[in-house]
Amino acid sequence: MASKKVDINTANLQDFAQLSGIGVRKAQAIIKYRKAVGGFTSISDLSEVPGLGYGIIEQSRLCLECTVASKSRHRAARGRKSRSDVEPAESEVPIESPQPSTSTCRSLRSRLIETPSTSVSDDSLNSTQGKAEGAPPEGVGAAEEDDVGEEEEEEEGQWSPGEDGPQVSDEEVSSPTEIDSAPPSPQNHRPIQRLNTQRSRIPVLVGKMKRKSYGYGEEVWKPPFKRPCRADDFDSQSTFGNLKKTTIIPSYAGGHRPRIPSKENPPPRLMEWLQTFQRWSNAERLMAVDELIQICEPTQVRHMMQVIEPQFQRDFISLLPKELALYVLSFLEPKSLLKAAQTCRYWRVLAEDNLLWREKCKEEGITETLVYGSNRLRRRTGCRSPWKALYMRQHQIEQNWRAAELRSPKLLRGHDDHVITCLEFCGSRVVSGSDDNTLKVWSVITGKCLRTLVGHTGGVWSSQMEDNIIISGSTDRTLKVWNAESGQCINTLYGHTSTVRCMHLHKNIVVSGSRDATLRVWDIHSGVCKHVLMGHVAAVRCVQYDGKRVVSGAYDYMVKVWDPETETCIHTLQGHTNRVYSLQFDGVHIVSGSLDTSIRVWDVESGNCLHTLIGHQSLTSGLELKDNILVSGNADSTVKVWDITTGQCLQTLQGPNKHQSAVTCLQFNKKFVITSSDDGTVKIWDLRSGDFLRNLVSLDSGGSGGVVWRVRCSNTKLVCAVGSRNGTEETKLLVLDFDVEDKKT
């Protein structure tokens, strides 16, 4: 059922307020404006009401109607109201002299408009006296006079308030002239106020008669009760700064106001303006937009904002298929993913996707074994993504290494006052070898010595460990294979004629190097010596084996590459000028450290020296190589980080917190470098920046005999073998735990 229509010329406040989208405030504005203009001629006139947009008018158009009793009557009412917009100043006195005719005023205004920079003289005013006293021009009737009045209203809009218009001196209008004393015209009953004696009076009178138009670039008419914008809000120095001050006279075909603009009824020359805009360059468009915003009213700028803002607030992630959304999120850093999860529920579901976090863990090298340990494999509950829980746990572990308060270390006492010569850490077990002829197996969980491996008749100087198998080499010229669970000796490997100084275990094959200048390849299960590699002429100090090739370094200054199956030397790498003490081999590159202070990088296939790393000043005692990153520890108390592909030194770990004595051992991962020294300290450094983080161990006897001989670390544990050569420090193992403490439920 159709609702009752509201007549906009007779409706009251309640009638307007009940319409959709109008409300009480807009209804008050409509009624106030209706009183100001004397009534509406059509529904489209509502667009002149301040704060009433086109959308609201169109929304309520079907419920509105406009009835006008008489066109001439309404026009006269609008004319009278328009004339009354100009209130007399307080200093003005009502003039009793008759008013000039309409034609006289029109003639005067036309002359003022044609010569805006010239003052109005007495002669120009006197020249209109005769016409002012007489009747209207011939051929102009009462009906035509109304049209003339409309033309005059349009002409009167040529000057806006505050603009510099024709200047009229005080003397020219101070005395009663023919205009002041002319009798009122019987055809025109609209009163005309007396001209002010001030010079700006005429522009004010003319400027307040403007009407709102919809043509491009035309100024919007403002009713008397609307507060104008401040002029200083606009940059007068702008290239187009005068646009806002210049009034463009609206021109309507046939004298009728156009309808509300729409896509079907666009403003004149809109398409031409848009085509011009499209032809401009990007810089020109930006300049045009800046100037357009400057000349727009606040309501128009607000409309721009309402149109533009949604374009930048679209949730494109939610609009994408889940697979594509996850692909986009995969490029975010984990920290950004955690922030994205706080956006909304759907983003939280995506940001906690288990496969997404599995890839993040893979990038960081995080595995369940790494975080929890092979013997304590479990998953945290209460998290949608187990892989996210792993990542967060690993992040907390790293923070514990960096800055968390150090927990009291476990003390593993043994080997009396002897030197701990070798140290291995696998799973939850630690194996230490000493020059007291024994090895001890420890639990890092309880800190207890599980068993002591007794059998060697000389000091143990080298060892290897994998799962439950322990291999040891001794000064008694033998190797022994032990079962870590039972502590039994499985095999004793005989063959070397001097101290077994080094070894390397790969699966069930171990390669040993001895002071007898030979290398031997053994099967640890059968105890058989499969191959003997001879070629060095001095003690073999270090050896590496990757399952295909054997690489060895010796005191004869040589590095050799062997084929163990044929027992032949493939390459002899010459270049060092002193004993080779340390070696690393990743299957492609060989890195050797020598007493000649240099480090050399070799190509295993060609045997060529790729880089000679210069920087240390003494014996390179320790090397670690992972993913083309080499960390070297030296007796000069410094540690260096190298890129072996370029030969560049990335970081030198020194400064005021550097070691005060020779570096004895080092370990590193993707984030940290851990170093030990004869000064009795264990330090942790940031691998990427080279910054010193803190001391993990600092012996009270450091500097007076206390020494950290060896360090081994896992993801969550650090094991240090400490002691002294003069009895100032007890021989023992320190176990520091950096794991995340699980909350008890």
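Things to note:
- Highest-first arrangement of 277-290, 36-49, where packing means the average Cβ count within 10 Å: 36-49, 277-290
- Amide H contacts under 5 Å for Trp461, placed H, 5+ residues apart: Gly473, Ser474, Thr475
- Using θ = phi - 60° in the Karplus curve 6.51 cos²θ - 1.76 cosθ + 1.60, the 3J(HN,Hα) couplings for the stretch 498-508 round to 8, 4, 7, 8, 8, 7, 8, 9, 9, 6, 9 Hz; x is entered for Gly and Pro.
- Cα centroids of the stretch 569-611 and the stretch 419-479: 29 Å apart.
- His395 - accessible surface, heavy atoms, 1.4 Å probe, Å² rounded to 10: 90
- Highest mean first, the peptides 631-637, 346-352, 295-301, 488-494 sorted by other C-beta atoms within 10 Å per residue fall in the order 631-637, 346-352, 488-494, 295-301.
- Residues with amide H under 5 Å from that of Glu729, placed H, sequence gap 5 or more: Ser724
- Most to least packed among 660-670, 687-697 [average Cβ atoms within 10 Å]: 660-670, 687-697
- Loop-resident sites, the stretch 426-485, for trypsin sites (Lys or Arg not before Pro), counting at most 14 other Cβ within 10 Å (DSSP): Lys448
- Phi to ³J(HN,Hα) by Karplus 6.51 cos²θ - 1.76 cosθ + 1.60 over the stretch 18-31, Hz, x for Gly, Pro: 7, 6, 5, x, 9, x, 5, 5, 5, 5, 4, 5, 5, 5
- Whole-angstrom Cα spans of the stretch 496-539 along principal axes, big to small: 29, 15, 15
- For Leu613, the residues 5 or more places off, or on other chains, whose built amide H falls under 5 Å of its own are Ile599, Arg600, Val601.
- Whole-Hz couplings from phi, Karplus 6.51/-1.76/1.60, listed for the stretch 486-495; x for Gly and Pro: 9, x, 7, 8, 7, 8, 10, 9, 9, x
- The stretch 545-671 - percent relative contact order, Cα under 8 Å, separation 6 or more: 15
The values are calculated or read from the model by the stated rules, or taken from the named source; none is laboratory data. A quick note: this is a predicted structure, and the numbers were derived from the prediction, not measured. Cβ: placed from backbone, ideal geometry, glycine included. Neighbour counts: every protein chain shown. Calculation scope for accessible area: heavy atoms of the full protein, side chains included, ligands and nucleic acids excluded. Shrake-Rupley method; radii C 1.70, N 1.55, O 1.52, S 1.80 Å.
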